[in-house]
Amino acid sequence: MIGFKEVHPMKFTKMQGCGNDYIYVDCTKTLIENIPETARKVSDRHFGIGSDGLILIRPSEKADFMMDIYNNDGSRAKMCGNGIRCVAKFVYDKGLTKKRKLKIETLAGIKELDLTIENGEVSYVTVNMGSPIMKASEIPVITDREEMIAEPIEIAGNTYEITCLSMGNPHGVVFVEDTDTIPMETLGPLFENHKIFPDRVNTEFVQVVDRNRIKMRVWERGSGETLACGTGACASVMACILNGLTDHQVTVSLLGGDLEITYDEEANLVYMKGPAVKVFDGEINLG
């Protein structure tokens, strides 16, 4: 038929970790064209599937699999703590592997994952998130300081104290009295696009409940406010420790649920444990 274009549907699985939801596609044997555009289309909550972004599971020469992640604005991300837990669930539950200890390649390095299996499926995943990066130039932050711990930053005429570090992507942690009253839609973009952050920044607003529990809301670069951020939870706990506010094992309460974060000071490693949940499988025509 003249003008007819055959459209092949893309198979996907929607998954979430503490409400941080992504569209997952098995790219171990197939390829996707125009990935940034595809990420924007599938992430749209009105005209697409609806998600915080798109995660492609690729083969890896260095690890068991590779996680390739795109934000809902089409920009590429290096790492996502909630996303990588769901990658582990995807590859195990769908029979791509039977390993209970996995190595996943990311743009932020290779991460080691320990899977908790219940009734033949992955329920929880513990991730070795690696060592926090504190050097300002490597986060990156434009400053004459070697590190950014409780340093002042001016936003819309107000001065905040911010602690910055990288857990594979840049984070700025700000301590507040009450996370429920933060005007996220106003403050989030101002922090994200502040001139001292050349690659933009994920901003965590943290309320310390006690030595072993904090509340956190997050504004993610490229995605806006999300229900959870795994790397952000790790960054928030590290910021708490650096400022003497919590112990080394902390429950982080996010809008989408809780994550357990542990810092091994001797090894200088951060561990994150949290749920991984399948929402549904589907197909979508992108033409």
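Listed values, structure above:
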read-out: Given charges at Cβ of Lys, Arg, Asp, Glu: segment 13-123 dipole, positive-most of A88, S75, N34; value: A88
read-out: Gyration tensor verdict on segment 2-64 (Cα atoms; rounded if a/c is under 1.5, prolate if a/b is larger than b/c, oblate otherwise); value: oblate
read-out: Gap separating the Cα centres of segment 112-169 and segment 245-260, nearest whole Å; value: 14
read-out: Relative contact order (%) - the chain, alpha-carbon pairs under 8 angstrom, separation at least six; value: 21
read-out: Estimated 222 nm signal from helices in the chain, with DSSP H stretches of n ≥ 4 weighted -39500 (n - 2.57), rounded to 500; value: -4500 deg cm²/dmol
read-out: Calculated SAXS-style log₁₀ I(q)/I(0) at q = 0.24 Å⁻¹ - segment 43-86, Debye, Cα scatterers; value: -0.86
read-out: Fraction of the pair-distance distribution of segment 1-125 above 21 Å, Cα-Cα pairs, percent; value: 38
read-out: Pairs of Cα atoms farther than 31 Å apart, the chain, %; value: 26
read-out: Evaluated at q = 0.09, 0.13 Å⁻¹: base-10 log I(q)/I(0), Debye formula over Cα of segment 53-211; value: -0.37, -0.73
read-out: For segment 209-251: relative contact order, % (alpha-carbon pairs under 8 angstrom, 6 or more apart); value: 48
read-out: Burial ranking of peptide ranges 93-105, 149-161, 67-79 (average Cβ count within 10 Å, highest at the top); value: 67-79, 93-105, 149-161
read-out: Cross-link pairs beyond the 24 Å C-alpha cut-off, checked among K14/K78; K62/K89; K41/K215; K135/K195; value: K41/K215
read-out: Most to least accessible of L269, L113 (protein chains only, probe 1.4 Å); value: L269, L113
read-out: Reference-scaled alpha-carbon Rg (2.2 N^0.38 Å with N residues) for segment 61-118; value: 1.12
read-out: Segment 194-287: trypsin sites (Lys or Arg not before Pro) in DSSP loop, at most 11 other beta carbons within 10 Å; value: K195
read-out: Contour minus Cα-Cα distance for N193 and L286 (0.36 nm per residue); value: 30.4 nm
read-out: Longest to shortest principal axis, alpha-carbon extents of segment 201-287, angstrom; value: 53, 22, 22
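The values are calculated or read from the model by the stated rules, or taken from the named source; none is laboratory data. Keep in mind that this is a model prediction, so the values were computed, not measured. Neighbour counts run over all protein chains shown; Cβ positions are idealised from the backbone, glycine included. The area values use the complete protein model at the heavy-atom level, side chains included, leaving out ligands, DNA and RNA. Shrake-Rupley method; radii C 1.70, N 1.55, O 1.52, S 1.80 Å.
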